[in-house]
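The values are calculated or read from the model by the stated rules, or taken from the named source; none is laboratory data. Every value quoted in this text rests on a predicted model; they were computed, and no experiment measured them. Heads up, the Cβs are rebuilt from the backbone with ideal geometry, glycines too, and the neighbour counts pull from every protein chain shown. Remember, those area values only see protein heavy atoms, side chains included, never the ligands or the DNA or RNA. Shrake-Rupley method; radii C 1.70, N 1.55, O 1.52, S 1.80 Å.
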Amino acid sequence: IEQIYTDATGVSVNGVISVDPLALADLLGATGPVSVPGWPVPLGASNLVPVLLHGEYSAFDSQAARQSFLDDVTRAVFARLTGNGLTSPLTLAHALAPAARTAHLLLYSARPAEQALFASLGATGAMPPVQGDFVQLVTQNAGEDKIDWYLRRSLSYHATYDPATGAVSATATITLVNNAPSSGEPAVIIGGGPGSPVAPGVNRLFLSLYSPLLFAGGTLNGHPFLM
């Protein structure tokens with residue numbers, strides 16, 4: 001982001017802060033709700049996430065309107081944060097610690113000393129070095145829609161270790177459930193718009209499973225597959 005911004009504007013930034021809807025909701029938990037033009041009720045910790053991840057796509061017809069609404073929400077949250085007397089760093093730290101711990105708040109500084117501080121807080125989003133075993137499941141939307149609002153994922157992982165040989169073997173069981181309707185929602189949410197390769201309600205995604213172990217084989221809905 002730092003490089004793209006510099007290339008586009010010719011201005012070098014001091015750092016980058018990445019804040020997603022879950023982190024914004026944590027901020028509102030500390031500051032209280034905000035009112036935003038164009039939305040009928042105040043937005044607070046309990047309703048901000050469903051509004052930003054789903055509701056706004058039903059309420060606004062155009063990308064420009066959604067972008068404007070998101071700008072208004074972000075500005076309102078930060079105005080409340082900086083203008084309501086929330087001066088205690090401890091209060092702010094408690095509010096944002098869960099977001100930093102789960103990578104919903106990411107911090108980067110171009111200054112090495114500041115970046116080292118962010119790294120010590122675990123807020124840079126960097127992956128830790130793999131020591132021993134490791135597993136991570138990643139799904140990425142491939143349909144240019146918001147159907148992942150209806151996606152439910154689970155990962156079951158069972159590993160065995162032989163102390164005599166040092167051999168490790170493991171089985172990962174991944175379950176994906178798509179609860180999206182096939183109608184009643186706009187195409188920007190459930191897909192299936194003009195030129196879409198899938199029907200409305202079908203979730204098209206890329207799935208990646210990261211492990212230091214060699215892949216031995218797998219099944220998809222009971223059928224063998226290569227990877």
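Of the helices (runs of 4 or more DSSP H) lying entirely inside the stretch 60-154, those containing at least 2 residues that are in contact with a Leu (Cβ under 8 Å, 6 or more places away or on another chain) span 63-83, 89-101.
Could you please find all residues in the stretch 36-59 being of a type in the set (V, I, T) and part of a helix (DSSP H, G or I)? Explain how you work it out, then say what you get.
Going residue by residue through the stretch 36-59, those that are of a type in the set (V, I, T) are 36, 41, 49, 51.
The answer is V49, V51.
When F134 is tested against the conditions (1) farther than 30 Å from R66 by Cβ; (2) open to solvent by less than 60 Å² (accessible area, probe 1.4 Å); (3) of a type outside the set (G, A, S); (4) under 18 Å from the mean Cα position of the chain (by Cα), the lone failure is (4). Considering Q3, Q63, Q67, the condition of being farther than 23 Å from P186 by Cβ, polar (S, T, N, Q) and surrounded by fewer than 17 Cβ atoms within 10 Å (Cβ to Cβ) is satisfied by Q3 alone.
Sort through P21, P50, P37 and tell me the only one that's of a type outside the set (G, A, S), loosely packed, with under 14 Cβ neighbours inside 10 Å and in contact with a helix residue (DSSP H, G or I) (Cβ under 7 Å, 6 or more places away or on another chain).
Values: P21 fails: loosely packed, with under 14 Cβ neighbours inside 10 Å; P50 fails: in contact with a helix residue (DSSP H, G or I) (Cβ under 7 Å, 6 or more places away or on another chain).
On inspection, the qualifying residue turns out to be P37.
Restricting attention to the stretch 128-140, the residues that are out of contact with any Ser or Thr (no Cβ under 6 Å at 6 or more places or on another chain) and within 25 Å of I17 (Cα to Cα) add up to 6. For the stretch 172-194, filtering for residues that are at pLDDT below 95, more than 19 Å from the chain's Cα centre (by Cα) and among the β-branched types (V, I, T) leaves 0. Annotation note: of S211, S169, the sole residue that is over 30 Å from G55 (Cα atoms), in contact (Cβ under 8 Å) with a residue 24 or more places away in the chain, open to solvent by less than 70 Å² (accessible area, probe 1.4 Å) and under 22 Å from the mean Cα position of the chain (by Cα) is S211. For the stretch 81-127, residues that are at pLDDT 85 or above and either farther than 12 Å from A23 by Cα or among the polar types (S, T, N, Q) (or both) total 21.
Do we have G143 as open to solvent by less than 70 Å² (accessible area, probe 1.4 Å) and without any contact (Cβ under 8 Å) to a residue 60 or more places away in the chain here?
Numbers: open to solvent by less than 70 Å² (accessible area, probe 1.4 Å): yes; without any contact (Cβ under 8 Å) to a residue 60 or more places away in the chain: no.
It is false that G143 is open to solvent by less than 70 Å² (accessible area, probe 1.4 Å) and without any contact (Cβ under 8 Å) to a residue 60 or more places away in the chain.
Looking only at the stretch 1-35, filter to residues that are free of Cβ contacts under 8 Å to residues at least 40 places away in the same chain, outside any loop (DSSP other than H, G, I, E, B) and touching a Ser or Thr at 6+ places or on another chain (Cβ under 9 Å); which one of those is farthest from W149 (Cα to Cα)? Among those residues, the one meeting the criterion is T6. Evaluation of F206 against the conditions (1) touching a residue at least 12 places away in the same chain (Cβ under 8 Å); (2) open to solvent by 80 Å² or more (accessible area, probe 1.4 Å); (3) over 25 Å from the mean Cα position of the chain (by Cα) shows that the sole unmet condition is (3).
Of all residues in the stretch 177-227, those that are in a loop (DSSP other than H, G, I, E, B), closer than 22 Å to Y157 by Cβ and among the hydroxyl-bearing types (S, T, Y) total 1.
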